[in-house]
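The values are calculated or read from the model by the stated rules, or taken from the named source; none is laboratory data. Bear in mind the structure is a predicted one, so any value in this text is a computation, not a measurement. Every residue, glycine among them, receives a Cβ derived from its backbone with ideal geometry; neighbour counts consider all protein chains shown.
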Amino acid sequence: MSSSLPKVKRGAVLVGTKQAEIQERPLPEPGAGEAVIKVDYCGMCGSDTHGWAAGGAVFALGTMMGHEPVGTVAAVGKGVTRYKEGDRVAINGFKPCGVCPPCRRSMYNICVNNMTQTIGNSDKLDGAFADYIWLPDADLMAVKVPEQLSQEDAALTEPLATSFHAVRLSGMQVGDTAAVIGAGPVGLLAIQVLKAAGAGKIIVSQRPGDRRDLAMEFGADVAINPRDEKVGVGEQIREVTDGGADVVIECAGAPPTFQQSIEMARPGGLVILVGVNEKETPVIPMKMMLGEVGIKGSLAWTHQDFEMSVDLLASGRINAQPMISTTVGLDEIQKEGFERLKNDRSLIKLLVKP
């Protein structure tokens, strides 16, 4: 191992329900095709707080968490060609198995082994709520960050890639009307991607507050209130469109928003499900049948989506800075990270800086 690298790394490990503790683990020496990255920032998202709160039901106990990192290359093994020691990189955190049916069809983002092959999602591959991270396939799992892009802004590459993939799956055409449900990080980034892609009108479904205000700042043309007890979302959207949205991007993942997304689509429209909803959800299928409304799931991103997201951030077409609410240190991650993000709805994106 390089003499400049420590022999151990420190990171936040899930040890129980709503319990993460800082532990030390050996830092592997990078072998052929591998790399060790010094983590500069790692974003914390809803799936992190959900897994932390579930206490082993989502992520196995013993998982070193964190899957949205950017960092600086500390050491590389033989055969790594895309970057060198000292380069700044955004880390594309999953390594497809390459042998399952989706992988054989080049659908790597839905690899059936992706949960165990993704950093910070299992006890098989340590995550980046840590000072260092080891990558088993360096050229595949990291993208060089251009000089004009700050590491802080680059830390939003992963959620941006998720939004970018959803918009790309929607097949939205220039001039189409698009609706986004939920103005969390993925929804806010989806609004910016839709704007950059030439959407004719963008409607956001979000209750009044800071998130809705930011959605309007990012390019939404109209806001509707999903909590309005007098007027449903379907009626609200028909008032501002010609029969509904061509594309609906569902980013909230709450049981009521599934039916709402169907009601917001025009006849022949398409709903893209991005938000994570694990609960049984009542749906009235007749609207889908009568209007031939399509429903399509969207999971994560492809490697191409990830690389293009770095380029979008570097070009300035995506504004990441207003979304970064706060930065916390690794030793503060239990109370100022997990607990705060879980309970404070005013936060949008929280970054961990080891």
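Key figures
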quantity	calculated
Matching residues in region 178-191 - criterion: being in a helix (DSSP H, G or I) and under 17 Å from Val240 (Cβ atoms)	Ile191
Given (1) modelled with pLDDT under 95; (2) under 20 Å from Tyr41 (Cα atoms), number of the condition Ala57 does not satisfy	(2)
Residues of region 192-207 that turn out to be buried (at least 24 other Cβ atoms within 10 Å of the Cβ) and closer than 13 Å to Ala245 by Cβ, as a count	6
Residues that are more than 18 Å from Gly127 (Cα to Cα), at pLDDT 95 or above and charged (D, E, K, R), drawn from region 68-83	Lys78
Filter result (part of a loop (DSSP other than H, G, I, E, B), of a type outside the set (Gly, Ala, Ser) and in contact with a Pro (Cβ under 7 Å, 6 or more places away or on another chain)) within region 66-95	Lys95
Residue list for region 192-205, filter: over 19 Å from the mean Cα position of the chain (by Cα), closer than 23 Å to Glu239 by Cβ and either at pLDDT below 95 or not in a strand (DSSP E or B) (or both)	Ala199, Gly200
Unmet criterion (only one of (1) surrounded by fewer than 19 Cβ atoms within 10 Å (Cβ to Cβ); (2) not in a strand (DSSP E or B); (3) not aromatic (Phe, Trp, Tyr)) for Thr49	(1)
Filtered residue count, region 17-46, keeping only those that are in a loop (DSSP other than H, G, I, E, B) and among the β-branched types (Val, Ile, Thr)	1
Residue satisfying all of: in region 117-159; in a helix (DSSP H, G or I) and of a type in the set (A, V, I, L, M, F, W, C); surrounded by the fewest Cβ atoms within 10 Å (Cβ to Cβ) among these	Leu140
Count of residues meeting criterion [touching a residue at least 40 places away in the same chain (Cβ under 8 Å), in a loop (DSSP other than H, G, I, E, B) and among the hydrophobic types (A, V, I, L, M, F, W, C)] in region 207-253	4
Residue check for Gly253: within 28 Å of Leu140 (Cα to Cα), small (Gly, Ala, Ser), outside the structural domain of Met115 (by TED's automatic domain parsing) and surrounded by 19 or more Cβ atoms within 10 Å (Cβ to Cβ)	no
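Let's see how each residue does on (1) more than 20 Å from the chain's Cα centre (by Cα); (2) at pLDDT below 95; (3) of a type in the set (Gly, Ala, Ser):
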| position | (1), (2), (3) |
| --- | --- |
| Asp246 | yes, no, no |
| Glu250 | no, no, no |
| Arg266 | yes, no, no |
| Gly275 | no, yes, yes |
| Pro285 | yes, yes, no |
| Lys296 | no, no, no |
| Thr302 | no, yes, no |
| Ser315 | no, no, yes |
